[in-house]
Amino acid sequence: MKLKKVLVGGCFDILHVGHIKFLKKAKSFGDYLIVLLESDENIKKLKGKGKPIFSLKERITVLKAIKYVDKVIVVPKNPTHETYLKLIKKIKPNVVAITEGDILQKHKLKSSFL
C-alpha cells in the first residue's frame, strides 16, 4: 500500500500550540507528514534581524519530537521559486497543507499546482 504524503512548510520558530494543531490537522489528510523547514538564513531574510530565535538544529529536534511529523527536510539557502518546485516534484506529495495568513501562501499554492 502506497502512503499518502502530506507536505507542509514553514519556519516553526518558537513552536506554539497553533503549530501543533496545524501539524495534527495536516497529518489527518494523509499517512506521512513531511515538513519543509526554512534555514536560519532564509528566516533572517523573511523576518529580519534577530530571527530566528531558535537555531535550525533546535527547530529540527523539536519538530522530529512531534508525533505527527514523519520527516523534516531543510530548504536550501537562498531558495528561488525553482528550488521549491524541484523539492515538490521530488517529494511528490498528495496534499500540500498551508495556513491562512502564510506570508508565502500565494507562492506555495502556485508551486503545488505546477
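Nothing in this text is a laboratory measurement; each read-out follows from the coordinates by a stated rule. What you see is a predicted model, and the numbers here were worked out from it, not measured in a lab. Note: ideal-geometry Cβ built from the backbone for every residue, glycine included; neighbour counts use all protein chains shown.
Residues of region 53-67 that are closer than 11 Å to ASP13 by Cβ and either among the small types (Gly, Ala, Ser) or touching a Lys or Arg at 6+ places or on another chain (Cβ under 7 Å) (or both): SER55 alone. For region 65-97, residues that are assigned to a helix (DSSP H, G or I), within 13 Å of TYR32 (Cα to Cα) and free of Cβ contacts under 8 Å to residues at least 12 places away in the same chain total 0.
For THR61, the criteria (1) of a type outside the set (Gly, Ala, Ser); (2) part of a helix (DSSP H, G or I); (3) within 11 Å of the chain's Cα centre (by Cα) hold in every case but one, which is (3).
If the condition is being within 12 Å of THR99 (Cα to Cα) and either of a type in the set (Ser, Thr, Tyr) or over 13 Å from the mean Cα position of the chain (by Cα) (or both), then region 1-31 contributes GLY18, LYS21, LYS25.
Selection of region 1-57 for residues being part of a loop (DSSP other than H, G, I, E, B), buried (at least 18 other Cβ atoms within 10 Å of the Cβ) and of a type in the set (Gly, Ala, Ser) yields GLY30, SER39.
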